[in-house]
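Let me begin by presenting the structure, written as structure tokens, before commenting on it.
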Amino acid sequence: MLLSTIIITAPMFVCLFWAVQFLLSFRTSSSDRRLMFVYMVLACLLYFGHYCYFSKQITWLPYTDVIYSFCNLSVYPAYYLYIQKITTNLPLRPHLLWLFAPATLVALSNLGGYHLQSPELVQTFLHQFLYQERFFSPAPITEYWLTTTHRLSTFIFAIQVFWVVGGSMLLIHRFEHRLRDFYADVEYRDMTLTRRLIVSVFLISILASVVNLLGKSFFIPHNLLLGIPSLIFSTLIYLLGYDGYHRTFTEAVFARERAEAQPELEEKDAALPAPDDCSNELNLISEATHCTPATSTSEPPYGEIAERLIHTLIHDQLYLRPDLKISDLIPLLGINRAYLYYALTRKLNTSFCELINRLRIEHACLLMHEHMDYTNKDLAKKVGYQNEMSFYRNFKKITMLTPQQWRRGEKNDFTLQFLRIC
């Protein structure tokens, strides 16, 4: 009995743990951490509803099922708002409350269904629909209010899963695109863990939906079988909380770092005309391949700008700087930011981060040619990476070979594009 209770309540206590952690620093927390607190509270109440169902707290269900129905349709919108906050830093406006409209309407409908109908109909619904006890009553199901609402809730939940996962992945993609156009190294700034967690949430939600369609009442006499999904959900919730609690880099931090570089760039930017409406920095980086610069006289010499960029990076070996930013190059090149972005995307067909990584890996290839005794750790440090793993991952991504294979002389289609062996 104790083991069964632990299995049923494990996800709830994981959510409670993180809710308390976020609450302890709520007053001094950023908006994204406060949204994670809201998410964890909703998830905690959701899993409390699970506990009441699987432990067959029949007298509580007319109340806890209403709370469960609201939280079940609220956790995904709450998490989407969190992703939106860390990737765009947009203010939370009142019109965003419509995201919680389905949850509110379903919960109110369930509240009316439980407390405005006769106790006999409610009991029929609980035993025959929720618990699938077909022999509870000789009469067929005569309750349609709650039955319809619960089925509609399942349909809305499925739509939310696809909408929130798709929207969140798009926001993350745009955010990481802006990062790669500004930083040479996004190792500690990207959202790889968050992206993987979202994919995991999606897959597990699909699995949960299938289980619900088959009937979760199957697990009631076999509570120990709940150990598998309970462990999966507990682990996933813990990682979501860990990611939110320890995240230090968001769009707000990114905006501050861009603003710190702004005073140095204002004079340079004012000296040259900015292309069209693309001068807005947020749109400039994310839409560089879509916005067409002004062509009232002639197209700016993007090819020449690209050549100057490559020459400056190689001549001064700026690409070896561990935390190089594109804003560091603009004063050296004396050009408009917009033109530099266009030179990267149109002439070099790459991002700033990808260009720097290419130069670093080519430099590493030269070093291995001259110093066969260098370890991966030595190479990572010499070409500007902050750790060996980042070097190894980028080397394999760019050359399609491991450093060990390169040392052994294995060949493929990779050639040095910018640097040459003397």
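The values are calculated or read from the model by the stated rules, or taken from the named source; none is laboratory data. Since this is a predicted model, take the numbers as computed values, not measurements. Don't worry about glycine lacking a Cβ; one is built from the backbone with ideal geometry, like all the others, and counts go over all protein chains shown. For the accessible areas, the whole protein counts, side chains as well, though only heavy atoms, and no ligand, DNA or RNA atoms are used. Shrake-Rupley method; radii C 1.70, N 1.55, O 1.52, S 1.80 Å.
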Practice problem: Go through the residues of region 277-293 one by one and say whether even a single one is surrounded by 14 or more Cβ atoms within 10 Å (Cβ to Cβ), touching a Ser or Thr at 6+ places or on another chain (Cβ under 7 Å) and either under 30 Å from residue 28 (Cα atoms) or modelled with pLDDT under 50 (or both). | Solution: yes
Exercise. Any chance you could count how many residues in region 19-40 are over 11 Å from residue 78 (Cα atoms) and either surrounded by 13 or more Cβ atoms within 10 Å (Cβ to Cβ) or aliphatic (A, V, I, L, M) (or both)?
Key: 11
Quiz item: Does residue 104 fit the bill of being modelled with pLDDT of 95 or more, more than 23 Å from the chain's Cα centre (by Cα), open to solvent by 20 Å² or more (accessible area, probe 1.4 Å) and of a type in the set (S, T, N, Q)?
Solution: yes
Quiz prompt | Test set (1) under 18 Å from residue 208 (Cβ atoms); (2) open to solvent by less than 40 Å² (accessible area, probe 1.4 Å) - residue 45 fails condition number | solution = (2)
Self-check item: Among residues of region 376-416, those that are among the charged types (D, E, K, R), part of a helix (DSSP H, G or I) and open to solvent by 70 Å² or more (accessible area, probe 1.4 Å), counted
Solution: 7
Self-check item: Filter pass, residue 372 being open to solvent by 60 Å² or more (accessible area, probe 1.4 Å), of a type in the set (A, V, I, L, M, F, W, C) and assigned to a helix (DSSP H, G or I)
Solution: no
Self-check item: Considering residues of region 54-86 that are of a type in the set (D, E, K, R) and more than 16 Å from residue 147 (Cα to Cα) only, the residue most open to solvent (accessible area, probe 1.4 Å)
Solution: 56
Exercise. Return yes or no: is residue 189 more than 30 Å from residue 155 (Cβ to Cβ) and open to solvent by 50 Å² or more (accessible area, probe 1.4 Å)?
Key: no
Quiz item: Do the conditions hold for residue 102, that is, is it in contact with a helix residue (DSSP H, G or I) (Cβ under 9 Å, 6 or more places away or on another chain) and outside any helix (DSSP H, G or I)?
Solution: no
Quiz item: Restricting the search to region 314-368, which residues are outside any helix (DSSP H, G or I), open to solvent by less than 30 Å² (accessible area, probe 1.4 Å) and touching a residue at least 40 places away in the same chain (Cβ under 8 Å)?
Solution: 324, 335, 336, 351
